[in-house]
1. Within the range 197-232, count every residue that is part of a loop (DSSP other than H, G, I, E, B), buried (at least 20 other Cβ atoms within 10 Å of the Cβ) and touching a strand residue (DSSP E or B) at 6+ places or on another chain (Cβ under 8 Å).
2. Out of all the residues in the range 157-188, which are without any contact (Cβ under 8 Å) to a residue 40 or more places away in the chain, under 18 Å from Ala220 (Cα atoms) and open to solvent by 40 Å² or more (accessible area, probe 1.4 Å)?
3. When you go through Pro74, Pro79 one by one, which is the residue that is under 18 Å from the mean Cα position of the chain (by Cα), of a type outside the set (S, T, N, Q) and farther than 27 Å from Arg142 by Cβ?
4. Given (1) over 20 Å from Gly177 (Cα atoms); (2) open to solvent by 80 Å² or more (accessible area, probe 1.4 Å), where does Lys17 come up short, assuming only one miss?
5. Under the condition of being among the β-branched types (Val, Ile, Thr) and over 25 Å from Ile207 (Cβ atoms), which residue from the range 1-14 is most open to solvent (accessible area, probe 1.4 Å)?
6. Looking at (1) modelled with pLDDT under 95; (2) over 16 Å from Phe49 (Cβ atoms), which one does Gly179 not meet, given that it meets all the others?
7. Just to verify a result, which residue in the range 20-55, among those that are more than 27 Å from Asn3 (Cβ to Cβ) and either modelled with pLDDT of 95 or more or over 19 Å from the mean Cα position of the chain (by Cα) (or both), is least open to solvent (accessible area, probe 1.4 Å)?
Amino acid sequence: MTNIYKNILKSKANNEKLLAILLDPDKINLDHVEALVEKINQSPSTHIFIGGSLVETNILDQLILKIKQNCVLPIVLFPGNPSQISGQADAILFLSLISGRNPDFLIEHQVKSVSIIKKTQLEVLSTGYILIESGSETAVERVSKTTPLDRNNLELALATAQAGEMLGNKLIYLEAGSGAKQAVPLGMIELVSKNIEIPLLVGGGIIDLQGIQNAYNSGADMVVIGTAFENDINFFNQNNE
């Protein structure tokens, strides 16, 4: 068994900020994985997340094994449904979309995935997933058929996060969505982070290093970067020039 959550808690206690790079298997060519991993190893990332709202390829196991050949970062599944589970990973975000009211994403997918997860050694990270309105319809909103929370209603976002914490979630994830036009409001990150005890993850709509730093400064314990790195694997190099 791994100790990914224990290490996340330790980092939070020490105010050490974490960075996850999110990889969508549908957008990866296995022949190019070595070059991709090289860029990840050169980046400040601490975790690799793998998944997407819709994953239609069947390369998940191969992709993870290829990454592990040249990278020691923990690999965490970020699944949109039970078909995106691989025992080759180290952990899984056991997501419940608590901002929506679609029972499939609140509990049904989770029930269906239990028999699969039980056959693996995956560390299960119970995560309250909160979708925040970001200026355009995102894949998460489209697939889950749920309405994101109003980005201006900070109190509702806080109450939702606190409800997730009270329900026993180990993590809270504020998500603007893949390719979001606007990131999660900094005021929302600050309010939530100051009023929950568990680690706070923030992702979606962050397009540069300043955006990452702003999220950290507002209280995010981990920032998740997907589209920005996906569109430019030199993302970290170019922003440091």
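The values are calculated or read from the model by the stated rules, or taken from the named source; none is laboratory data. All figures in this text were calculated on a predicted structure; none of them were measured in a lab. When we count neighbours, we look across all protein chains shown, and the Cβ atoms used for this are built from the backbone with ideal geometry, even at glycine. For the accessible areas, the whole protein counts, side chains as well, though only heavy atoms, and no ligand, DNA or RNA atoms are used. Shrake-Rupley method; radii C 1.70, N 1.55, O 1.52, S 1.80 Å.
1. Taking the range 197-232 and keeping what is part of a loop (DSSP other than H, G, I, E, B), we get 197-199, 204-208, 219-221, 226, 232.
Right, trim to buried (at least 20 other Cβ atoms within 10 Å of the Cβ) and you get 198-199, 204-206, 220-221, 226.
Add one more test, that the residue is touching a strand residue (DSSP E or B) at 6+ places or on another chain (Cβ under 8 Å), and what stays is 198-199, 204, 206, 220-221, 226.
Count: 7.
2. Those that are without any contact (Cβ under 8 Å) to a residue 40 or more places away in the chain, under 18 Å from Ala220 (Cα atoms) and open to solvent by 40 Å² or more (accessible area, probe 1.4 Å): Ala159, Gln162, Glu165, Leu186.
3. Values: Pro79 fails: farther than 27 Å from Arg142 by Cβ.
Going through Pro74, Pro79 in turn, the sole match is Pro74.
4. Unmet for Lys17, out of (1) over 20 Å from Gly177 (Cα atoms); (2) open to solvent by 80 Å² or more (accessible area, probe 1.4 Å): (2).
5. We begin by selecting, within the range 1-14, every residue among the β-branched types (Val, Ile, Thr); these are 2, 4, 8.
Still in the list and also over 25 Å from Ile207 (Cβ atoms): 2, 4.
On the way: Thr2: 48, Ile4: 11 Å².
Taking the candidates together, the pick is Thr2.
6. (2)
7. The selected residue is Leu30.
The rows are residues; the columns are (1) in contact with a strand residue (DSSP E or B) (Cβ under 6 Å, 6 or more places away or on another chain); (2) surrounded by fewer than 17 Cβ atoms within 10 Å (Cβ to Cβ); (3) on the phi > 0 side of the Ramachandran plot.
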{"residue": "Ser86", "(1), (2), (3)": "no, no, no"}
{"residue": "Ala89", "(1), (2), (3)": "yes, no, no"}
{"residue": "Ile98", "(1), (2), (3)": "yes, no, no"}
{"residue": "Asn102", "(1), (2), (3)": "no, yes, no"}
{"residue": "Phe105", "(1), (2), (3)": "yes, no, no"}
{"residue": "Lys112", "(1), (2), (3)": "no, yes, no"}
{"residue": "Ile117", "(1), (2), (3)": "no, no, no"}
